[in-house]
Amino acid sequence: MARILITSGPTRQYLDPVRYLTNASSGRMGAALADAALRLGHEVVIVSGPVAVDYPAGAQLISIETTDEMLDCARKTFATCEGLIGAAAPCDYMPRFIEPNKISKTGQPLVLELIETPDVVATLGQAKRSDQWVVGFALETEDRHFRATVKLQKKHCDLIVSNGPQAINSADNEVELLDPVGEVIAAVTGDKHHVADELLSHIHDRLICPI
Ligand code: C5P
């Protein structure tokens, strides 16, 4: 059995003490994956941004807020895990400067300068040991297959799950699981719990106990 790290949910990037950038990720796919992994007898650690979803009680939950915090916790935790499933939707941009006090309205447009946040899956994928594996997710609105394959290679994933924007904040998902050469290993549609069971079964056969 394996010890698996799952990143889940959105992250927040603050502009000032009360305002932040985020996205509509619900954490439901991460919760379903955790549930599926636990039922197969694996040990699960979840690093999650702020969500309303209930994660399974059998998983260890580490709650974070920002992408930097997610990276920091994931990096430390991954050292003790065999695998990472990157189901989170971290906020990709953060303000270059965080205002220490609440930004006041001036009657003029507010221009924000945004810089990229670190990529959690890419950072862990690049540094993974030979006994570790990484499964990423790719949410694309166009050229899904091509873009997911590029991401898989860029982020040093062993497999990647391609899904569309309908996955966000929904009980259902429609995914394709791609191998490192972009071959579709599985196509699954339905409730996120069903999708998670199917994904875990392929992850088990290919990465946890390769036949
Ligand atoms: O947002 P994007 O489609 O590039 O996400 C692809 C994969 O990279 C997902 O597994 C996501 O969890 C991960 N990711 C990440 N850190 C980011 C952005 C994305 O780990 N800052």
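One residue stands out among those in the stretch 82-114 that are part of a loop (DSSP other than H, G, I, E, B) and either among the acidic types (Asp, Glu) or under 12 Å from the mean Cα position of the chain (by Cα) (or both): the one that is surrounded by the fewest Cβ atoms within 10 Å (Cβ to Cβ), which is GLU113. Restricting attention to the stretch 115-130, which residues are farther than 16 Å from THR77 by Cβ and either more than 8 Å from the ligand (Cβ to nearest atom) or loosely packed, with under 13 Cβ neighbours inside 10 Å (or both)? Within the stretch 115-130, ILE115, GLU116, GLN126, SER130 qualify.
With respect to the conditions (1) open to solvent by less than 10 Å² (accessible area, probe 1.4 Å); (2) farther than 24 Å from ALA171 by Cβ, ILE4 falls short on a single one, namely (2).
Counting only residues that are free of Cβ contacts under 8 Å to residues at least 60 places away in the same chain and either among the hydroxyl-bearing types (Ser, Thr, Tyr) or open to solvent by less than 90 Å² (accessible area, probe 1.4 Å) (or both), how many does the stretch 69-81 have? Before the answer, list the steps.
Within the stretch 69-81, the subset free of Cβ contacts under 8 Å to residues at least 60 places away in the same chain is 69, 71-73, 75-76, 79.
Pick out the ones that are also either among the hydroxyl-bearing types (Ser, Thr, Tyr) or open to solvent by less than 90 Å² (accessible area, probe 1.4 Å) (or both) and you get 69, 71-73, 79.
Qualifying residue count for the region: 5.
Kindly indicate whether any position in the stretch 19-37 is part of a strand (DSSP E or B) and more than 28 Å from ASP205 (Cα to Cα). First the steps, then the outcome.
Residues of the stretch 19-37 that are part of a strand (DSSP E or B), as a first pass: 20-21.
Filter once more, so that each one left must be more than 28 Å from ASP205 (Cα to Cα): 20-21.
Within the stretch 19-37, one or more residues are part of a strand (DSSP E or B) and more than 28 Å from ASP205 (Cα to Cα).
Tell me, please, whether a residue that is polar (S, T, N, Q), more than 13 Å from the chain's Cα centre (by Cα), within 22 Å of TYR14 (Cα to Cα) and away from the ligand (no atom under 12 Å from the Cβ) can be found in the stretch 60-71. Yes, the conditions are met somewhere in the stretch 60-71. In this structure, is ALA36 more than 23 Å from LYS128 (Cα to Cα), modelled with pLDDT of 95 or more, buried (at least 18 other Cβ atoms within 10 Å of the Cβ) and not acidic (Asp, Glu)? Yes, satisfied. Here PHE137 meets each of (1) among the aromatic types (Phe, Trp, Tyr); (2) in a strand (DSSP E or B); (3) more than 10 Å from the ligand (Cβ to nearest atom) with one exception, condition (3).
The values are calculated or read from the model by the stated rules, or taken from the named source; none is laboratory data. Everything numeric here is computed off the predicted structure, so don't read it as measured data. Neighbour counts are summed over all protein chains in view; Cβ atoms, including those assigned to glycine, are modelled from backbone coordinates with ideal geometry. Heads up: the accessible areas ignore ligands, DNA and RNA and are worked out on the full protein's heavy atoms, side chains in. Shrake-Rupley method; radii C 1.70, N 1.55, O 1.52, S 1.80 Å.
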